[in-house]
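Have a look at the structure below, then the notes.
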Amino acid sequence: MNTGTLAVPGAELYYEVRGSGPVLLLINGGEGDAAMYAPLAHQLADGYTVITYDPRGNSRSRLTGPLGEQRVEEHARDAHLLLRALNREPAYLFGTSYGGMVGMEVLAAHPEQVRGLVSHEPLLIELLPDAVRRHAAFQEVYDIFRRDGARPALRRLNAELGDVGLPPELTADLPAPIAEMLARVAGNLAFCLEYELRSFVRYVPDLDALRDGPFTVANGVETHATVGYATSVLLAERLGEEIADFPGGHVGFLTHPAEFAKTLHEVLNR
């Protein structure tokens with residue numbers, strides 16, 4: 001595995017590159033970083049050059065500009081610049097949650113860079129009939145965060161999203177790499193709740209770009225009651241497309257990496 005950093009406007013991105021073959025960029029959502037995709041990247045490295053990275057403001061991707069509200073468009077520019085720096089050919093993209101929305105914006109703004117995009121359970125709240133109520137709930141999550149801290153806010157957010165799962169608590173018996181990753185993710189929570197949540201969930205994708213491009217929307221087979229599943233269904237209906245079913249739930253790439261990698265390879269090569 002090779003690692004490096006790339007200076008982009010307002011940030012310095014940490015990235016990892018594994019394997020060989022067509023380039024596949026894996027885009028995180030929320031508080032995740034490159035290590036969240038490590039099990040999936042390991043499974044895919046025999047057939048792809050897999051690029052993973054920490055989104056700006058998370059873990060090892062430090063901000064070099066002032067703190068402020070984050071935008072999907074800004075994160076998509078980061079992904080675009082990372083691909084341009086590491087690869088001159090069109091690439092495959094996979095993103096989950098926020099990451100799926102970032103991938104949509106890359107496809108809309110830079111279609112020449114995208115060989116294929118799979119968006120897994122993107123949180124497209126504006127597609128929901130109760131979007132106004134949902135945004136009020138996300139404001140409540142933010143208010144809890146400001147009053148009581150990140151963990152209580154995360155519990156309220158998890159309830160609103162339909163029990164997508166909470167990161168495990170740090171314990172002394174965890175292997176060092178897992179403990180280090182969880183510590184970084186825990187540190188990212190405040191940034192996500194303060195600067196990303198309320199703005200990211202207002203993102204509206206370019207449906208024409210998705211309809212015209214090499215795009216697939218995906219869901220976890222274990223997450224039928226989640227908001228991400230519901231918005232994926234509505235998006236597929238708007239586009240007149242079928243949904244690709246992936247193993248596991250909202251973080252199936254982490255809980256079922258071998259099966260998830262097999263499904264992703266099949267979808268990308270349709």
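The values are calculated or read from the model by the stated rules, or taken from the named source; none is laboratory data. Treat the numbers as computed from the prediction; the structure is a model and nothing was measured. Every residue, glycine as well, gets a Cβ built from its backbone with ideal geometry; the counts of neighbours run over all protein chains shown.
Observations
- Residue check, Ala225 aliphatic (A, V, I, L, M) and either within 26 Å of Thr49 (Cβ to Cβ) or in a helix (DSSP H, G or I) (or both): no
- Number of residues in the stretch 227-250 that are closer than 23 Å to Val23 by Cα and either buried (at least 22 other Cβ atoms within 10 Å of the Cβ) or of a type in the set (Phe, Trp, Tyr) (or both): the value is 1.
- Apart from one condition, Leu210 fits all of (1) crowded, with 20+ Cβ neighbours inside 10 Å; (2) out of contact with any Lys or Arg (no Cβ under 8 Å at 6 or more places or on another chain); (3) of a type outside the set (Gly, Ala, Ser); (4) modelled with pLDDT under 95; the exception is (4).
- Filter result for Thr216 (over 21 Å from Glu74 (Cα atoms), among the β-branched types (Val, Ile, Thr) and without any contact (Cβ under 8 Å) to a residue 24 or more places away in the chain): no
- Enumerated helices (runs of 4 or more DSSP H) restricted to the stretch 83-166, each holding at least 2 residues that are closer than 14 Å to Val217 by Cα, touching a strand residue (DSSP E or B) at 6+ places or on another chain (Cβ under 9 Å) and touching a residue at least 12 places away in the same chain (Cβ under 8 Å): 98-109
- Residue list for the stretch 1-35, filter: of a type in the set (D, E, K, R) and either under 14 Å from Asp54 (Cα atoms) or touching a residue at least 60 places away in the same chain (Cβ under 8 Å) (or both): Glu12, Glu16, Glu31, Asp33
- Selected residue [outside any helix (DSSP H, G or I) and hydrophobic (A, V, I, L, M, F, W, C)] from Ala218, Ala230, Ala190, Ala186: Ala218
- Between Thr49, Thr5, the distinction of being polar (S, T, N, Q), modelled with pLDDT of 95 or more and either closer than 25 Å to Gly213 by Cα or in contact with a helix residue (DSSP H, G or I) (Cβ under 9 Å, 6 or more places away or on another chain) (or both) belongs to Thr49 only.
- Test: Gln113 is of a type outside the set (Gly, Ala, Ser) and in contact with a His (Cβ under 7 Å, 6 or more places away or on another chain): yes
- Looking only at the stretch 52-74, and only at residues there that are among the hydrophobic types (A, V, I, L, M, F, W, C) and out of contact with any Lys or Arg (no Cβ under 8 Å at 6 or more places or on another chain), the one that is modelled with the highest pLDDT: Val72
- From the options Leu254, Leu264, residue that is in a helix (DSSP H, G or I), at pLDDT below 90 and in contact with a Leu (Cβ under 8 Å, 6 or more places away or on another chain): Leu254
- Scanning the stretch 105-126 for residues that are closer than 18 Å to Leu197 by Cβ and buried (at least 19 other Cβ atoms within 10 Å of the Cβ) yields a total of 6.
- Checked against (1) touching a strand residue (DSSP E or B) at 6+ places or on another chain (Cβ under 9 Å); (2) assigned to a loop (DSSP other than H, G, I, E, B); (3) not polar (S, T, N, Q), Ala79 passes all but condition (2).
- Given (1) more than 21 Å from Met36 (Cβ to Cβ); (2) free of Cβ contacts under 8 Å to residues at least 40 places away in the same chain, number of the condition Thr255 does not satisfy: (1)
- Of the residues making up the stretch 97-121, those that are at pLDDT 95 or above, of a type outside the set (A, V, I, L, M) and under 22 Å from Gly32 (Cα atoms) are Gly99, Gly100, Gly103, Glu105, Ser119, His120.
- Matching residues in the stretch 1-59 - criterion: being in a loop (DSSP other than H, G, I, E, B), among the polar types (S, T, N, Q) and surrounded by fewer than 19 Cβ atoms within 10 Å (Cβ to Cβ): Ser20
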